[in-house]
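Single-structure report; data block below.
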Amino acid sequence: MGIIVQKFGGSSVADVEKIKNVARRVVATKLAGSSVVVVVSALGDTTDELVELARQISAKPPEREMDMLLATGEQQSVALLAMAIFELGHEAISFTGYQVGIVTDDSHTKARIVDVKSERIMQALASGKICIVAGFQGVTVDNDITTLGRGGSDTTAVALAAGLNADKCEIYTDVEGVFTADPRIVPEASLVPEITYEEMLEMASSGAKVLQLRSVEYARNHNVVMQVRSSFTDSEGTVVKEEDEGMERPIISGVTHNTSEGKITIYGVPDRPGIAAKVFKPLAAANINVDMIVQNVSYKGYTDISFTLDLDDIPRALSIIEDLVREFGAQGHDLDKDIAKISIVGAGMKSHPGVAAEMFDVLAENSINIQMISTSPIRISCVIDEVNIATAVRALHEHFQLSEEAVTDEAL
Ligand code: ADP
Ligand code: ASP
Ligand code: MG
């Protein structure tokens, strides 16, 4: 019997009725003849509420304790879903990450999966049970509980699909799939039926939070085909997979945005070899991901360095930067939390020069100032003021005609 992994996000299990809906969907899959492994997130906004609770106690809670706290969200939802399945007359068994052996490194709050043990799940499936696994959590070799970063249940699902050699990995959420922009900002955005790992990686890393970036990396590395679909309809959604001959090749696949980053600038840094390394090494050692970096042209032997990073990492980054400013004798530093990043992503960009200029033109027409720019072969990103983000997303979505259909080579 083939194995199907189905992951249900927080909004799909936000209340009792929704948990019962998930139970019905899971049982229907089982009755259709598959062994089912379900991965669930914490109910609704539980994780946000736990983060807020911790924040009221400490501005910088120890990360190990944060993981102990956050992992409880998913422990509630697996048990509740198992109960709902029993109510429908079917057998289920819930597991924490620890119990099934989702082994991670010890980078608390953003741990990486290093091994997935499949024995416990295989035994339960063999006895006819539906397995329900807590998403987002794992355990170190020293038996400490870890979490995989926000949105990490997607990665749990992909890792299980790879480890169990599953036939399918379905990611159920509150939208019908991956769209050309966040449907909350652009209601007329179109569904993308198929997307390559390469483009999905860029979309996820630039803010399309429908899939956690690491889940797409893991899927690409282990060749797991992901299907993103709605918990509330029967639409086929979006398939994320390796590029193949039959796939449409749009120039622009989507417009993404990210409002959860801030920008730190260090002013008047002596411009000499080794300074950039001195800034970014301690940040890396503290497991802080730096996104964009801009170093200004040097003036009289001094320069400014700006970089963007997750808002969550700012308190830890600031204490490192304050020490460095003292050590370098730099002029000072500044924090801007009200920035946003807007990106356009599309594999067709590689062969179509001029897309960046068009993007800058659209932003200029809307009087939006660009603070930083970065590119990859298939993505262009600009940092702008956060207040302008919705206007920027809508204007670019319209300019590249993404509502009608993906812009293909033939259309230009
Ligand atoms: P879940 O709780 O199921 O994991 P998430 O909130 O993590 O769901 O992700 C789904 C949300 O991602 C959607 O509600 C949507 O607002 C947002 N989103 C952002 N960009 C996109 C996009 N390009 N396509 C689809 N959804 C997107
Ligand atoms: N509950 C976790 C979060 O809110 C994990 C997830 O939903 O994937 O980030
Ligand atoms: Mg999610």
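Carbon-plus-sulfur accessible fraction, the chain (probe radius 1.4 Å, protein heavy atoms only): 50%. Rounded to the nearest 20 debye, the dipole magnitude of the range 1-141 is 440 debye, with +1 charges on Lys and Arg beta carbons, -1 on Asp and Glu beta carbons, and the Cα centre as origin.
Cross-link partners of Lys18 among lysines, defined as those whose alpha carbon lies under 21 angstrom from its own and excluding same-chain residues fewer than eight positions apart: Lys7, Lys30. What trypsin sites (Lys or Arg not before Pro) does the range 308-409 have in DSSP loop regions with at most 16 other beta carbons within 10 Å? Counting only loop positions with at most 16 other Cβ atoms within 10 Å, the trypsin sites (Lys or Arg not before Pro) in the range 308-409 are Lys337.
Sequence-distant contacts, meaning Cα pairs under 8 Å at least 6 residues apart, place the relative contact order of the chain at 14 percent. When you count the other C-beta atoms within 10 angstrom of each residue and take the mean per peptide, 66-73, 35-42 line up highest first as 35-42, 66-73. Share of Cα-Cα pairs in the chain beyond 27 Å, in percent? Counting pairs separated by more than 27 Å, the tail of P(r) holds 55 percent. Considering only Gln331, Thr375, Thr259, the residue lying farthest towards the positive end of the dipole of the range 256-412 is Gln331, judged by Cα position with unit charges set on Cβ. Helices meeting the span-like rule in the chain (full DSSP H runs, Cα extent of at least 30 Å along the helix axis, mean Kyte-Doolittle score of -1.0 or higher): 63-87. Probing with 1.4 Å while keeping every protein chain in the model, the per residue accessible area of the chain equals 45 Å².
The mean sequence separation of alpha-carbon pairs under 8 Å and at least six residues apart, normalised by the residue count of the range 178-263, gives a relative contact order of 36 percent. Tell me which aspartates and glutamates have Cα within less than 15 Å of Lys278's Cα, excluding those fewer than 8 residues away on the same chain? List returned: Asp304, Glu322, Asp323, Glu327.
Output the pairs from Lys60/Lys117; Lys60/Lys110; Lys129/Lys241 with a Cα-Cα distance over 23 Å in this structure; if there are none, say none.
Values: Lys60/Lys117 33 Å; Lys60/Lys110 15 Å; Lys129/Lys241 29 Å.
Checking Cα-Cα distances, Lys60/Lys117; Lys129/Lys241 exceed 23 Å.
With charges set only on the Cβ (+1 for Lys and Arg, -1 for Asp and Glu), what does the dipole of the chain come to about its Cα centre, in debye to the nearest 20? Provide the component values of the computation, followed by the final result.
On the way: 35 positive and 60 negative charges, 209 e Å.
With Lys and Arg at +1 and Asp and Glu at -1, about 1000 debye.
The values are calculated or read from the model by the stated rules, or taken from the named source; none is laboratory data. Every value quoted in this text rests on a predicted model; they were computed, and no experiment measured them. Backbone-built Cβ (ideal geometry, glycine too); neighbour counts: all protein chains shown. All accessible areas refer to the heavy atoms of the entire protein, side chains included, with ligands and DNA or RNA removed. Shrake-Rupley method; radii C 1.70, N 1.55, O 1.52, S 1.80 Å.
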